[in-house]
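The values are calculated or read from the model by the stated rules, or taken from the named source; none is laboratory data. The model shown is predicted, which means the values in this text are computed figures rather than measured ones. Cβ placement follows ideal geometry from the backbone for every residue including glycine, while neighbour counts extend to all protein chains displayed. The area values use the complete protein model at the heavy-atom level, side chains included, leaving out ligands, DNA and RNA. Shrake-Rupley method; radii C 1.70, N 1.55, O 1.52, S 1.80 Å.
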Amino acid sequence: MRVAVCVKRDLFGMLAARAFVTALGVPVPELAFFCSTRTRPAETGHRLPLLLKALERDIPVDTLLAATAEERAGLSPALRPDAWWPLADLKPAGGAADLLAWRPDMVVSMRFSLIFPRAVIAAVPGGILNVHPGPLPGYRGLFAPFWQVLEGEAELAATLHLVDPGIDTGAVLAEHRIARRPGRSLLWHMGELYRGGAVLAARAVRRAMRGQAPIGATQDPGGRYWRIPGDAAADAFLRGPMPVVTTADYLDLLGEALLPALPEGAIAAAS
């Protein structure tokens, strides 16, 4: 069984990839990692998106990951984001061709910032599973953890769903819920959501390896699509309801994402 894991080369992409491989717990004959490299213009506007970009990409990837490249040589691709196959787009003659040339039986998308076109969805026989860091259908779209916090949700959720031609509209396979934790930061909650979602995805892949195709429940009608927060929403978050980051939370996330080896007993994926 050939499984392509599509992530983003950033803090939570690294964390999700590590959590997925660790939770898989069994060898997959072939496992490949692809990553999106897209940066949306809105991510470089308000100081909040700029702060998140620095915390999620500039510091962990451009600085720390680059500085520790030598100690990662020879490790599993799950631990080597520099070895992930970059996808700038999913155009037929571009990234889509690169992904499908690997002939995946199933695709797992976590923290991936590209929309899968119909042709790619149809070409993956086992389906595309996506970890979305929000409950569906209420929090489709972008920055779901941010919006859940700002909307005052007592619990936050990540959803594992099948990818269809819509955006976050596919059948729901499972949900991972966490209680909102006072004193913890937005980044801590994001780590919990992506980690839990990656575990759900690993369980679904294990079932598929036993011949159990993923079958989900149709989403409830309605829902809402959220976008990158504008200045008013970003300012409101910075004035309240929880810190974007704390030193303790950030150091824990960096350690988890950048440790040079998987925990003892974890299955390292083959390239």
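Tabulated values for the structure
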| read-out | value |
| --- | --- |
| The chain, helix-only ellipticity at 222 nm - DSSP H runs n ≥ 4, -39,500 (n - 2.57), divided by all residues, nearest 500 | -9500 deg cm²/dmol |
| Sequence ranges 211-217, 119-125, ranked by mean other-Cβ count within 10 angstrom, highest first | 119-125, 211-217 |
| Amide hydrogen neighbours beyond the local backbone of residue 174, cut-off 5 Å, H modeled | 160 |
| Mean-position separation - Cα centroids, the stretch 81-125 and the stretch 189-238, in angstrom | 18 Å |
| For the stretch 1-112: Kirkwood Rh in Å [reciprocal of mean 1/r, alpha carbons] | 14.9 Å |
| Label selected from (1) 18.8; (2) 22.2; (3) 20.8, the criterion being Kirkwood radius over Cα pairs in Å as computed here | (1) |
| Relative packing of 158-165, 172-179, which averages over residues the other C-beta atoms within 10 Å, highest first | 158-165, 172-179 |
| Where labels lie 7 Å past Cα in the beta-carbon direction, separation of residue 171 and residue 58 in nm | 4.4 nm |
| Nearest-20 debye value, the chain charge dipole, Cβ charges on Lys, Arg, Asp, Glu | 440 debye |
| Carbon + sulfur, % of accessible area of the stretch 150-213 - ligands and nucleic acids excluded, 1.4 Å | 47 percent |
| Where the stretch 125-171 is the region considered: accessible area per residue in Å², 1.4 Å probe | 29 Å² |
